[in-house]
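Input: a single structure, listed below in structure tokens.
The values are calculated or read from the model by the stated rules, or taken from the named source; none is laboratory data. Just so it is clear, the structure is predicted and the values come from calculations on it, not from any experiment. Cβ coordinates were reconstructed from backbone atoms using ideal geometry, including for glycine residues, and neighbour counts include every protein chain displayed. We work out accessible area using only protein heavy atoms, side chains counted, and drop any ligands, DNA or RNA first. Shrake-Rupley method; radii C 1.70, N 1.55, O 1.52, S 1.80 Å.
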Amino acid sequence: MTDLVDAPAAPVASTEAAADAASAPSVGAASPAWPIPSSLSPSRVSSFTSCPMQFRFSSVQRLPEPPGVATTRGTVVHRALELLFVLPRHERTPSALDRCLTLAMQEHEHHPDYVGLLLDDVGRAEFDAGCRALIERYFDMEDPTTVRDIGLEVRMAADVGSLQLRGIIDRLELDDDGELVVTDYKTGRAPSGRYEQKSLAGVHFYSFLCEAVLGRRPARIRLMYLASGETIETVPSAQSVRFITTRTAAVWKAVERACTTGDFRPNTSRLCDWCSFRAWCPAFDGDPDLAAAEAAAAYAELVGAGADAAVRS
């Protein structure tokens with residue numbers, strides 16, 4: 001695997017760190033109510049615009065979240081595809097990807113995100129079958145032996161004023177003309193037409209990072225939806241790159257304002273049904289001040305129960 005840029009990853013909050021984050025907001029007119037993040041990624045931008053309260057829980061307090069089957073399955077499949085592209089091009093066959101998936105499953109066997117799913121024998125079989133269905137469809141979408149990859153899981157970061165924008169590109173490659181192409185794997189459903197442009201916002205973000213870090217704008221950016229076999233593709237432009245920086249700057253100002261005032265307002269939507277922090281959301285009569293201690297304790301109990309179950313099995 002070749003990383004063109006090796007920017008440090010953001011630290012993962014432990015349950016102890018999450019509990020520390022529960023400390024009362026600082027006092028004093030000049031002090032922000034909550035620490036202001038120093039960087040933004042596509043997922044953080046999306047999180048804040050979707051629901052500032054959820055952003056506070058996940059990105060400011062860094063509270064642990066119970067793992068979900070879909071998210072963990074996506075992580076395992078991404079890892080399997082990464083392992084496939086480590087191989088020489090002529091060895092990237094369906095049987096090789098099957099072996100890569102087996103290895104990825106073994107790597108995650110004791111990971112909290114898998115252990116915490118508390119899967120029984122039937123659940124584990126269904127999880128495995130879901131992963132294999134995704135990788136089988138991959139070969140209907142492209143021939144990996146023809147892909148000229150130059151970077152896998154590429155970490156990039158660029159400063160815009162006092163803010164750092166960062167992201168991880170699933171795959172960076174060269175087309176037949178030697179131009180850059182950004183490819184992002186998706187294991188969820190492809191969006192309908194009205195949400196397609198929103199789904200491309202993340203890869204436009206990566207287009208900006210390529211231009212800022214490598215001095216080259218990608219010729220194409222692609223989303224590969226493995227669940228349906230669809231590929232959404234677009235050509236980034238100078239205007240789309242400017243839009244990313246303008247939009248991100250606006251979101252950043254809103255983040256700074258919310259951290260300074262402590263005013264993270266919930267935005268209710270259908271996404272609330274899947275939110276890990278709904279129990280502490282004021283929109284559902286929850287108490288946000290209890291979230292850190294209770295979320296950390298619940299996560300520790302869940303992972304502990306999963307580990308005990310794995311030992312018994």
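Annotations
Every residue, every condition in (1) over 22 Å from E230 (Cα atoms); (2) touching a Pro at 6+ places or on another chain (Cβ under 8 Å); (3) charged (D, E, K, R), yes or no:
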| site | (1), (2), (3) |
| --- | --- |
| P42 | no, no, no |
| Q54 | yes, yes, no |
| S58 | yes, no, no |
| E82 | no, no, yes |
| H111 | yes, no, no |
| G123 | yes, no, no |
| G130 | no, no, no |
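- If you check R270, R257 for being surrounded by fewer than 15 Cβ atoms within 10 Å (Cβ to Cβ) and within 22 Å of S162 (Cα to Cα), only one passes: R257.
- When R92 is tested against (1) surrounded by fewer than 19 Cβ atoms within 10 Å (Cβ to Cβ); (2) over 21 Å from the mean Cα position of the chain (by Cα), exactly one condition is not met: (1).
- Enumeration of residues in the stretch 204-254 that are among the basic types (K, R) and open to solvent by 40 Å² or more (accessible area, probe 1.4 Å): R216, R217, R220, R242, R247, K253
- Restricting attention to the stretch 38-58, the residues being within 14 Å of R166 (Cβ to Cβ), outside any helix (DSSP H, G or I) and hydrophobic (A, V, I, L, M, F, W, C) number 1.
- The condition (being in contact with a strand residue (DSSP E or B) (Cβ under 8 Å, 6 or more places away or on another chain) and either open to solvent by 50 Å² or more (accessible area, probe 1.4 Å) or basic (K, R) (or both)) is satisfied by just one residue among Q164, Q106: Q164.
- D143 vs. criteria acidic (D, E), out of contact with any Leu (no Cβ under 6 Å at 6 or more places or on another chain) and at pLDDT 95 or above: yes
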